Amino acid sequence: MSYHVIVIGAGSTGAAVAHDLALRGFRVTVVERGEVASGTSGRNHCLLHSGGRYAMRDPESARECIEENMILRRIMPEALELNDGLFVALDEQDLAWKERFLAACEECGIPAREIPVRQALALEPHLNPNILAAVQVPDGVFEPFRFCLSFLATARRNGATVLTYTEVVDFVFQGRTVAGVRVRDRRTGEERVIGGDIVVNAAGPWSGRIAAMAGVDVPVVPTAGVMISVGRRWNRMVINRLNMPGDGDIIVPQRRTAIIGTTSWRVEDPDFIPIPEDHVRLLLDRAERFIPGYTRGGIRGIFAVARPLVGRRGVAADGRELSRTFECFDHAADGVEGFVTITGGKMTTARAMAEKAVDVVCAKLGLEIPCRTREVPLLSYRAFFD
Amino acid sequence: MPTWQLRLLRGRPGGSPRLEIYRVELPAEAYLIDAVEKIWAEQDRSLLFRHACHHASCGACGVRVNGRERLMCITPLREFSPDRPIQVEPLRHFPWLGDLLVDVSPMMRRMAEVGFAIVRQDELTADRPLPEGIERITRFEDCIECGLCLSACPVMAADEAYLGPATLAAIERMLKEPRGGDTARLLTLADDPHGAWRCHSAMECTAVCPSNVDPASAIGRLRRRLIAERFRRWIGGGR
Ligand SMILES: Cc1cc2nc3c(=O)[nH]c(=O)nc-3n(C[C@H](O)[C@H](O)[C@H](O)COP(=O)(O)OP(=O)(O)OC[C@H]3O[C@@H](n4cnc5c(N)ncnc54)[C@H](O)[C@@H]3O)c2cc1C
Ligand code: SF4
Ligand code: FES
């Protein structure tokens with residue numbers, strides 16, 4: 001077999017898809033218009049979810065998270081800090097969720113354990129001393145750029161070609177079947193056609209635009225969020241608010257920094273996202289409630305990026321109600337053959353998203369090749385530069 | 001909202017690079033990476049630059065700003081005046097790929113040769129008890145492999161084979177916390193005319209490092225270690 005699959009986008013989704021395809025023996029070409037992870041993946045909150053955040057409202061996402069969290073610990077130890085996470089109750093309202101949270105975690109298979117407040121404060125001395133409860137979960141922290149590079153390095157070793165600074169500008173058809181893509185090389189300005197048997201759209205919040213180039217509609221809603229990184233690592237573990245998911249309720253520690261996030265609003269154009277000033281104020285205010293003096297080490301960076309949330313009918317305008325799970329669309333259903341979109345989801349679930357997308361690719365081609373990405377350890381991200 | 005002037009180095013290998021002025025409207029709270037990304041998004045889609053994390057963690061966005069090595073993502077615009085252009089050029093001592101883009105693979109290959117592990121024992125929060133179920137307290141290494149130190153180093157300009165500040169600092173970290181690395185091999189790598197001895201303590205690396213690595217001091221410690229090793233071999237009968 002030597003089917004050629006073109007993957008659009010080298011974020012976490014495209015990188016994981018490329019790895020899965022290469023491992024199953026496909027010829028693979030990844031086209032990415034910028035640097036690896038220059039879209040949503042590079043700039044996210046870096047939280048390797050335990051699933052705790054979604055346990056109460058979106059158990060399907062929560063189960064995906066804990067399963068993938070455990071797999072990534074095995075296959076990608078190099079791009080992860082594993083220091084666990086705490087869900088803390090800041091007030092009586094939070095506290096009222098505690099029993100339901102613990103039950104929901106158990107239901108979803110997330111090892112969650114209440115620890116005495118005294119012990120939580122010993123582990124995290126900068127935490128607000130007035131917290132009312134603390135629950136420990138297996139959250140982790142990743143390094144997004146190296147996360148993506150690890151998948152791509154391994155894909156490359158298995159024969160994949162990765163073209164960065166190469167933008168898809170159009171689709172090439174044979175009748176109603178996608179036969180390839182037209183790309184423009186940002187370095188030379190030259191355009192050329194790359195032919196393929198299947199094209200996988202993994203363009204994150206841009207996947208709606210890519211699908212439109214092929215004449216199909218993908219209900220992806222670019223939903224932005226702001227994050228603020230500061231000059232000091234206050235917390236060792238990830239600190240989450242024990243409540244329904246909301247704005248500014250997670251502080252992720254990484255290297256020597258701590259990052260508060262996020263907010264949520266719909267954007268039209270994910271290419272450039274101006275940062276709303278009131279979101280910055282809100283986040284700093286929330287951070288202060290977790291860690292008094294959060295900005296005492298100075299603010300290091302403020303950034304925003306858009307999630308590719310999959311739209312469903314009847315959702316809230318701010319996007320928070322949308323499910324954080326992923327969708328794979330075989331556009332044969334829209335009358336276009338040879339074209340698949342994989343979007344939604346999270347960085348944490350990139351591997352599972354890839355498995356699903358490549359299963360669809362295999363089914364389309366009438367192949368039965370098992371997925372092996374759960375077991376195969378990834379190469380070092382540095383192998384990408386070999 | 002202020003309008004900022006950016007003077008970007010533009011061009012492609014084979015052609016002659018030129019400086020071009022762009023104007024971009026952004027609040028003073030924004031960062032240089034926002035200005036460059038906005039120019040790409042709204043004015044010139046052919047502009048080449050690297051970025052990913054926007055919080056000084058991935059190491060991708062290193063450039064020279066008014067002649068000094070900086071990460072664009074943590075360079076706030078409020079440092080500059082809207083009246084004067086902010087000059088942005090690519091890093092030196094890397095193969096140039098066009099505009100602000102360089103090829104960092106020579107540095108990455110050297111880091112791979114050293115076997116520099118990026119997950120380290122955490123000393124920042126080591127005074128605290130361990131969370132249950134966690135055997136070690138780890139965090140990412142300080143060095144984000146941004147290459148700013150290589151660009152700033154005067155020795156790199158003179159000696160292409162020089163290991164460079166980031167790599168020497170990585171060797172020093174691996175000697176301190178080997179994590180399975182072969183220390184004898186690392187010492188041999190460093191004990192070389194193009195290794196620790198080539199540095200002439202210009203201190204530029206430490207001045208530009210955005211991530212607390214302080215490569216100059218690390219090279220100093222590495223040299224003392226090499227001298228101690230030589231002395232030990234000498235006492236031990238020249239083995
Ligand atoms: C604020 C925020 C915080 C988040 N925090 C977390 C977190 O803590 N943990 C977690 O697990 N998840 C988190 N997520 C979710 C996660 O970041 C995303 O789900 C994930 O990164 C999406 O990856 P992707 O590969 O699908 O999209 P992207 O990373 O956006 O990749 C798509 C790629 O396609 C490229 N592209 C676009 N158009 C073209 C074209 N025409 N030609 C070629 N290439 C093109 C883009 O440049 C981009 O690199 C967060 C999301 C947001 C918004
Ligand atoms: S030592 Fe500092 S300047 Fe050099 S690559 Fe590492 S982080 Fe960058
Ligand atoms: S974008 Fe990652 S270091 Fe600046």
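Averaged over the residues of B:26-32, the number of partner chain Cβ atoms lying within 10 Å of the residue Cβ comes to 3. Taking amide H atoms as placed 1.01 Å from N in the peptide plane, the amide H of A:THR161 lies under 5 Å from those of A:VAL28, A:THR29, A:VAL30, each 5 or more residues away in sequence or on another chain. Backbone amide hydrogens, once placed in the peptide plane, bring B:VAL119 within less than 5 Å of B:GLU141, excluding anything fewer than 5 places away on its chain.
Its Cα centre serving as origin, the protein assembly as shown has a Cβ charge dipole (Lys and Arg +1, Asp and Glu -1) of approximately 1760 debye. Look at the dipole of the stretch A:146-261 built from charges on Cβ: of A:PHE173, A:GLN254, A:VAL162, the Cα furthest out on the positive end belongs to A:GLN254.
You can think of it this way: the chain between B:ALA228 and B:GLN121 has 36.0 nm of extra reach, that is 0.36 nm per residue less the Cα-Cα gap. Working note: Karplus 6.51/-1.76/1.60 with θ = phi - 60° gives the stretch B:132-149 the couplings 4, x, 10, 8, 10, 9, 10, 7, 6, 4, 5, 5, 9, 6, 8, x, 4, 5 Hz, where Gly and Pro are set to x. 3J(HN,Hα) couplings calculated from phi for the stretch B:67-77 with the Karplus curve 6.51 cos²θ - 1.76 cosθ + 1.60 (θ = phi - 60°) are, in sequence order, x, 10, 5, 9, 8, 4, 6, 10, 9, x, 5 Hz; Gly and Pro show x. Evaluated over the Cα positions of the stretch A:214-262, the convex hull gives a direction-averaged projected area, one quarter of its surface, of 5.4 nm². Enclosing the Cα atoms of the stretch A:322-366 in their convex hull gives a volume equal to 64 cubic angstrom per residue.
Modelled spin-label separation between A:MET244 and A:GLU99, with each label point placed 7 Å from Cα along the Cα-to-Cβ direction: 1.9 nm. Scanning residues 5 or more positions from B:GLN87 or on other chains, those with amide H under 5 Å from its amide H are B:ARG7, B:ASN66, with H placed 1.01 Å from N in the peptide plane.
The smallest convex shape that holds all Cα atoms of the stretch A:49-154, its convex hull, gives 108 Å³ per residue. Projected label points at B:ALA161 and A:LEU132, each 7 Å from Cα along the beta carbon direction, are separated by 6.9 nanometres. Scaling against 2.2 N^0.38 Å puts the C-alpha radius of gyration of the stretch A:343-386 at 1.40. Among the GluC sites (Glu not before Pro) in the stretch A:217-313, those located in a DSSP loop and surrounded by at most 15 other Cβ atoms within 10 Å of their own Cβ are A:GLU268. Expressed as a fraction of 2.2 N^0.38 Å, the value expected for a compact globular protein of N residues, the C-alpha radius of gyration of chain B is 1.16.
Averaged over the residues of peptide A:225-236, the number of Cβ atoms from other protein chains lying within 10 Å of each residue's Cβ is 3. Computed over the stretch A:1-115, the alpha-carbon pair-distance distribution with 5 angstrom bins reads 2, 10, 15, 17, 16, 14, 10, 7, 5, 3, 1, 0, 0, each value a whole percent. Counting DSSP beta bridges in the protein assembly as shown, what percent are antiparallel, to the nearest 5? DSSP beta bridges in the protein assembly as shown are roughly 75 percent antiparallel.
Of the listed residues B:GLU79, A:GLU99, the order by accessible area with a 1.4 Å probe, largest first, is A:GLU99, B:GLU79. Per the Cα gyration tensor, the stretch B:3-102 maps to an equivalent ellipsoid with semi-axes of 19, 16, 12 Å, ordered largest to smallest.
Backbone geometry of the stretch A:147-158 corresponds, through the Karplus equation with coefficients 6.51, -1.76 and 1.60 at θ = phi - 60°, to 3J(HN,Hα) couplings of 4, 5, 4, 4, 4, 6, 4, 5, 4, 4, 4, 8 Hz, x marking Gly and Pro.
Computed on the protein assembly as shown, the Cα convex hull volume stands at 160 Å³ per residue. Remark: the stretch A:120-244 is approximated by an ellipsoid whose semi-axes, taken from the C-alpha gyration tensor as √(5λ), come to 44, 18, 14 Å, largest first. The number of Lys pairs in the protein assembly as shown with C-alpha atoms less than 29 Å apart, excluding pairs fewer than 8 positions apart on the same chain, is 5. Computed from point charges on the beta carbon alone (+1 for Lys and Arg, -1 for Asp and Glu), the dipole magnitude for the stretch B:105-235 about its Cα centre is near 460 Debye. Entry note: the stretch B:105-235 has Rg to Rh equal to 1.00, where both radii use alpha-carbon atoms and Rh is the Kirkwood radius. Mean partner shielding of peptide B:165-177, defined as the number of other chain Cβ atoms within 10 Å of each residue Cβ, is 0.
The values are calculated or read from the model by the stated rules, or taken from the named source; none is laboratory data. Keep in mind that this is a model prediction, so the values were computed, not measured. We place every Cβ from the backbone using ideal geometry, glycine too, and count neighbours over all the protein chains shown. Surface areas here come from the heavy atoms of the whole protein model, side chains and all, with no ligands, DNA or RNA. Shrake-Rupley method; radii C 1.70, N 1.55, O 1.52, S 1.80 Å.
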